[in-house]
Amino acid sequence: MTFLHRIEYAMVRGFLAVFRRLDPRRASDLGGAIGRSIGPLIPTTRVADANLRRVMPELDAAARRKIIRDVWENLARNAAEFPHLANLRETASGPGYEVVGAEHVRAFAARGGPGIILTGHFGNWEIIPLAFYRLGVTLAFFYRAAANKAVDETILGLRKAAMGQKVAMFPKGASGARASYAHLTHGGVLCMLVDQKLNDGIEAPFFGTPAMTTPALAVFARKFRCPILPVHVERLGPARLRIVCEPLEFGQKTEDKTEDVKATTIWMNRTIERWVRARPGEWLWLHRRWPKELVIK
């Protein structure tokens, strides 16, 4: 481990130690206050502002600043809530979560066989695997490993502790694609966060602008003819979340594979866009989702 990695690991451990001692609501509030105050000063904020100007030109500067503050606040709340995931339960009030559309989850589970969860970086998306596990659906998902191995192992350990078992996670890239294909072949359920840019993806409209998008969900859905369950998370308050599950979809399947994949990917982006427009402050605007040349400087 390098010296810088040791410092980073110590900072992560210290962060977790502090926020673990607080109750979930106070931890979330403290994290939110830090994110709201410091986040807008971080250079990445410029990416979010450029994205908003490009795809939501109707917003004035004040509206954009509010959305960006909300984004940083939500992200920091997520981090502060992470040590408490295991203690967040389905409940009607207070710290925890509620599930809207649980009947769709039951229909999804009753089919058996392979299935796909369509989701993105909304609210505290980390609650999805835990909540679904408690509903009787065990998920596997793609993830980007932290460059610091010790930090990565700490994150994986927290996820394992929350669910009481090891979580199947596939690294992004060729090896992860092969592993996820095998997972579906054996009847598994794959959770896919599909709202970020993929340089070797396909072009699909997103907010009316061409955006490189992963076709993997559409390819898998067509290959296995398996159901797609759209799910996203809304933040209701400190350590208080709503998981929204929508009716099952199956994607398009005709004799033309290319058009089928394109049609399902377009539907996927439209679904993500609908969620973003409804609660823009809870989506991760901080990454370069659109080509640089199409983003207003």
Distance between modelled label sites at residue 6 and residue 178, nm, 7 Å Cα→Cβ extension: 3.7 nm
Inter-centroid distance (Cα atoms) of segment 18-49 relative to segment 189-235, Å: 28 Å
Length added when fully stretched, residue 156-residue 53, from 0.36 nm per residue minus Cα-Cα: 33.5 nm
Around residue 91: net Lys/Arg minus Asp/Glu count, Cβ-Cβ under 10 Å: 0
DSSP bridge orientation in the chain - percent antiparallel, rounded to nearest 5: 40 percent
Top of 97, 181, 133 by mean-square fluctuation, Gaussian network on the chain, Cα under 10 Å: 133
Surrounding net charge for residue 38, when Lys and Arg each add one and Asp and Glu each subtract one, Cβ distance under 12 Å: +1
Formal net charge of residues neighbouring residue 156 (Cβ-Cβ distance under 13 Å; K, R +1; D, E -1): +2
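With +1 on each Lys and Arg Cβ and -1 on each Asp and Glu Cβ, and nothing else charged, work out how big the dipole of the chain is about its Cα centre, in Debye to the nearest 20.
Numbers: 44 positive and 28 negative charges, 117 e Å.
Charge dipole, the chain, about its Cα centre: 560 debye, nearest 20.
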P(r) of segment 119-267 over all Cα-Cα pairs, binned every 5 Å from zero, in whole percent: 2, 8, 16, 20, 23, 16, 10, 5, 1, 0
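Over all pairs of distinct alpha carbons, what does the Kirkwood formula give as the hydrodynamic radius of segment 184-297, in Å?
Taking the inverse mean of 1/r over all distinct Cα pairs, segment 184-297 comes out at 15.4 Å.
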Sequence-separation-based contact order of segment 3-285, relative, with Cα cut under 8 Å and 6+ spacing, percent: 24 percent
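Grab segment 3-285 and count how many Lys pairs have their alpha-carbon atoms under 13 Å apart, sequence gap of 8 or more, or different chains. Write out the running numbers ahead of the final one.
Details: 172/197; 223/253; 223/257; 253/262.
Eligible lysine pairs with Cα atoms under 13 Å apart amount to 4.
Find the percent of Cα-Cα distances in the chain that exceed 29 Å, and round it to a whole number.
On the way: 15662 of 43956 pairs.
Every Cα pair in the chain considered, those over 29 Å come to 36 percent.
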Student exercise, segment 139-297 dipole from Lys, Arg, Asp, Glu Cβ charges, in Debye to nearest 20: 420 debye
Average projected area [Cα convex hull, segment 1-91], square nanometres: 8.2 nm²
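Values quoted throughout were computed directly from the atomic coordinates according to the rules given, and no laboratory measurement underlies them. All values reported here derive from a predicted model rather than from experimental measurement. Cβ atoms come from the backbone with ideal geometry, glycine included; neighbour counts cover every protein chain shown.
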